[in-house]
Amino acid sequence: MIAILDYDAGNIRSVEKAVKFLGKDACITRDKNEIFKASHVILPGVGSFGDAMEHLNAYGLTPIIKKLTDEKIPFLGICLGLQVIFESSEESPGVEGLSLIPGKIIRIPDGEGLKIPHIGWNSLHLQNDGRLFKGIDEGAFTYFVHSYYLKANDENVVKATTEYGVTIHASVEKNNIFACQFHPEKSGEIGLRILNNFLSI
């Protein structure tokens, strides 16, 4: 069973639909016992960093997520779910993230011809042999919706980047923690292959 964490963030149902399309049982939950019975855990979400951390803390999910990393249960953050696993975000000054991996979330700088939020398909540059990208070609396109981007402290955890005025750390992997700034559940066949790679770990 795949646990999809429910913390009142958007986009949860589309992730559930994609997981079920891949033939897996999925459960949207914030119940501790169900989460720790799961083979894999996904933290999706769209919205603000500050609201996300407020809800994760209010529902008691913050210590659960941190324990998942100790238990070595494969954990995937998507979009906002990627952002909150880092230390902080310029979107919500003073709000502490989960700090599972060192790094900060920064606003995409204004640039000529660049619309913010960044909405659309961008190609990925793959690096450092990410397990999510097994069988995925260099330059594959995935779908992004965001105004803030990750700058990880350690380049070795970065498995994919994309360019949108700046170099965006689009996907990271560290031990059992995986995360994508893009939406695999909205990225067609490529996205489903990335999700399936995660669910096969």
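The values are calculated or read from the model by the stated rules, or taken from the named source; none is laboratory data. Treat the numbers as computed from the prediction; the structure is a model and nothing was measured. For neighbour counting, all protein chains shown are included, and Cβ atoms are generated from backbone atoms with ideal geometry for every residue, glycine included. The accessibility values were calculated without ligands, DNA or RNA, using every heavy atom of the protein model including side chains. Shrake-Rupley method; radii C 1.70, N 1.55, O 1.52, S 1.80 Å.
Select one label from [x] -0.29, -0.69; [y] -0.32, -0.62; [z] -0.17, -0.44: the one whose number is log10 I(q)/I(0) by the Debye sum over Cα atoms at q = 0.07, 0.11 Å⁻¹ as derived from the coordinates shown.
Calculated log10 I(q)/I(0) by the Debye sum over Cα atoms at q = 0.07, 0.11 Å⁻¹: the matching label is [z].
Give a residue-ordered list of calculated ³J(HN,Hα) values for segment 46-58 (Karplus: 6.51 cos²θ - 1.76 cosθ + 1.60, θ = phi - 60°; whole Hz; x for Gly, Pro).
So the Karplus estimates, Gly and Pro as x, are 10, x, 9, 4, x, 5, 4, 5, 4, 6, 4, 5, 5 Hz.
Keeping to pairs on different chains or 8 or more places apart, tell me how many lysine pairs in segment 119-195 have Cα atoms under 15 Å apart.
Lysine pairs satisfying the spacing and distance rule in segment 119-195 number 4.
Among GLY23, TYR59, ILE42, which residue has its Cα positioned farthest towards the positive end of the charge dipole of the chain, with +1 placed on the Cβ of Lys and Arg, -1 on the Cβ of Asp and Glu, and the dipole taken about the Cα centre?
Checked the options; the winner is GLY23.
On the first, second and third principal axes, largest extent first, how far apart are the outermost C-alpha atoms of segment 121-179 in Å?
28, 26, 15
For a quick check: with amide H placed at 1.01 Å from N, whose amide H comes under 5 Å from ASP6's, ignoring anything fewer than 5 positions away on the same chain?
THR29, ARG30
Rounded to the nearest 500, what is the 222 nm mean residue ellipticity of the chain from helices alone, with -39500 (n - 2.57) per DSSP H run of 4+ residues and division by all residues? Show your work: numbers first, answer last.
On the way: 6 runs with 53 residues, N = 201.
Result for the chain, helices only: -7500 deg cm²/dmol.
Kindly state, to the nearest 0.05, the FRET efficiency for GLN127 paired with ASP6, given R0 = 41 Å and r defined as their beta-carbon distance. Can you show the working numbers first?
Numbers: r = 33 Å, r/R0 = 0.80.
Between GLN127 and ASP6 the formula returns 0.80.
Measure off, as a whole percent, the carbon and sulfur share of the 1.4 Å-probe accessible area of segment 56-201, all protein chains present.
Exposed carbon and sulfur together represent 48 percent of the surface.
Would you count, across segment 1-74, every pair of lysines whose alpha carbons are under 16 angstrom apart, provided the pair is eight or more residues apart or spans two chains?
Total qualifying Lys-Lys pairs in segment 1-74 comes to 7.
Suppose all protein chains stay in the model; what accessible area per residue would a 1.4 Å probe give for segment 135-177, in Å²?
Value for segment 135-177: 41 Å² per residue.
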